[in-house]
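Here is the structure we will look at.
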Amino acid sequence: MSVNLFDLTGKIALVTGAVHGLGMAMAKGLGKAGATLVINNNTAETLNEAILEYEKCGLTAYGYTFDVTNETEVKAAIKKIEAEVGAIDILVNNAGIIKRTPIIDMEVPDFEQVLKVDLVGPFIMAKHVAKGMIERGGGKIINICSMMSELGRTSVSAYAAAKGGLKMLTRSMATEWARFNIQTNGIGPGYFATSQTAPIREDGHPFNEFIINRTPAARWGDPEDLQGAAIFLSSKASDFVNGHIVYVDGGILATIGKPSNED
C-alpha cells in the first residue's frame, strides 16, 4: 500500500478545541502529514498561546475564536475560514467538556451544558461544514467520542450520555452523507497521559494502578498514539470507511479485566 494514501498535503483540516491535550496532539499529527491546520477556541488568549505552541513544532495553525454551540457564530466562522484559508476538507469535532457530579446531585443546567457542547456542538459544526463538502464532492468528518460511548462510570452521566449520543450521530451522518463521498467516523480515546491526568498517574495512586491493571497494554496512552487513527480517518486510505468508531484504548474495551494479583 502506497504511503501516499496517508498524505494530507493540500488538505485543510479544522480541529475544534485543539488548544491543548489530545486535540492538539491529533492536530499536530494532521499537520505533520501535510494538512493546513485551522484551530478554534472560544477564548482568544488561549488560542494565541496554542498557535505559539504549534509554531514551536514547525507548524502553522490559523486560529479562529467562536463558540461551537452558537449556530450563528459557527456559520460566520466557516464562511470566514473558507474565504481566508480555503475550503475545509477535514473536520475534527474535538471540543468538549466534562462535569464530574453524581446523577442525584447534578443540576439540570449542568447536564444540559455538557450535552450542548459535546453533542449539539458537533451536530452544528458538521451540519454546516458538510454543506460545502457536498457541493465540492467529498470530505472527512471525525467526531471525537470516548470509551464512555460504550461504558458507564460513576459521576460522568452527562458526558457518557453525550458521547453515547455522538456515536449514534456519527453513524447517522455516515448514513446520510456517504453517498456524497463524505466519510464520517469517530475516534474513542482511552486513558491518556496528559497534564490533566498527571495528578492521578503517580506511582501508588489507586486510579493509576487501576488503569494500568485494567489496560491490556499495561500503560496509559501517549497523546501521539492518537495521531495514526486521526491521519487514517482523514486520508484517502479511509475512503470506504463509514460510520465506525476507532477506539484507541490499549485494549480496554476488548477485555473484562483481571484481578489485581494476576500477572
Criterion (among the small types (Gly, Ala, Ser), open to solvent by 20 Å² or more (accessible area, probe 1.4 Å) and under 23 Å from Leu37 (Cα atoms)) met by exactly one of Gly96, Gly86: Gly96
Test: residue in the stretch 93-101 that is charged (D, E, K, R) and out of contact with any Cys (no Cβ under 9 Å at 6 or more places or on another chain): yes
Residue satisfying condition, being more than 27 Å from Ile51 (Cβ to Cβ), modelled with pLDDT of 95 or more and either open to solvent by 20 Å² or more (accessible area, probe 1.4 Å) or of a type in the set (A, V, I, L, M, F, W, C) (or both), within set Tyr64, Tyr159: Tyr159
Pairs where the first residue, in the stretch 241-262, is in a strand (DSSP E or B) and the second is open to solvent by 50 Å² or more (accessible area, probe 1.4 Å) and hydrophobic (A, V, I, L, M, F, W, C), C-beta under 6 Å, 6+ apart: Tyr247/Leu253
Checking Ala44 against (1) open to solvent by less than 60 Å² (accessible area, probe 1.4 Å); (2) on the phi > 0 side of the Ramachandran plot; (3) not basic (Lys, Arg), the condition it does not meet: (2)
Residue match in the stretch 221-232 (condition: in a helix (DSSP H, G or I) and farther than 19 Å from Val92 by Cα): no
Residue in the stretch 74-96 that is touching a residue at least 12 places away in the same chain (Cβ under 8 Å) and farther than 23 Å from Gly63 by Cβ present: no
Candidate set from the stretch 76-118 (those that are under 20 Å from the mean Cα position of the chain (by Cα) and basic (Lys, Arg)); member that is farthest from Gly31 (Cα to Cα): Arg100
Scope the stretch 145-162; condition free of Cβ contacts under 8 Å to residues at least 60 places away in the same chain and closer than 14 Å to His244 by Cα; matching residues: Ser146
Conditions (1) open to solvent by less than 70 Å² (accessible area, probe 1.4 Å); (2) part of a loop (DSSP other than H, G, I, E, B); (3) at pLDDT 95 or above; number of the one not met by Val120: (2)
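Give the residues of the stretch 174-185 that are in contact with a Gly (Cβ under 9 Å, 6 or more places away or on another chain) and without any contact (Cβ under 8 Å) to a residue 60 or more places away in the chain, sorted by residue number.
Trp177, Phe180, Asn181, Ile182, Gln183, Thr184 - these are the residues of the stretch 174-185 that are in contact with a Gly (Cβ under 9 Å, 6 or more places away or on another chain) and without any contact (Cβ under 8 Å) to a residue 60 or more places away in the chain.
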Residues located in the stretch 102-117, provided they are open to solvent by less than 40 Å² (accessible area, probe 1.4 Å) and β-branched (Val, Ile, Thr): Val114, Val117
Residue selected from the stretch 173-197 under the condition under 22 Å from Ala160 (Cα atoms) and among the aliphatic types (A, V, I, L, M), by the criterion most open to solvent (accessible area, probe 1.4 Å): Ala193
Where Gly138 falls short, out of the listed (1) open to solvent by less than 10 Å² (accessible area, probe 1.4 Å); (2) touching a residue at least 40 places away in the same chain (Cβ under 8 Å): (1)
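So that you can scan it fast, the table gives a plain yes or no per residue for (1) farther than 27 Å from Val19 by Cβ; (2) at pLDDT below 95:
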| residue | (1), (2) |
| --- | --- |
| Asn213 | yes, yes |
| Gly221 | no, no |
| Leu226 | no, no |
| Ala229 | no, no |
| Val241 | yes, no |
| Asp249 | no, no |
Any hit, the stretch 201-223, residues being out of contact with any Pro (no Cβ under 9 Å at 6 or more places or on another chain), buried (at least 18 other Cβ atoms within 10 Å of the Cβ) and within 30 Å of Gly137 (Cβ to Cβ): no
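The values are calculated or read from the model by the stated rules, or taken from the named source; none is laboratory data. None of these values were measured; they are calculated from a predicted model. Cβ coordinates were reconstructed from backbone atoms using ideal geometry, including for glycine residues, and neighbour counts include every protein chain displayed. What goes into the accessible areas is simple: the full protein's heavy atoms, side chains included, and nothing from ligands, DNA or RNA. Shrake-Rupley method; radii C 1.70, N 1.55, O 1.52, S 1.80 Å.
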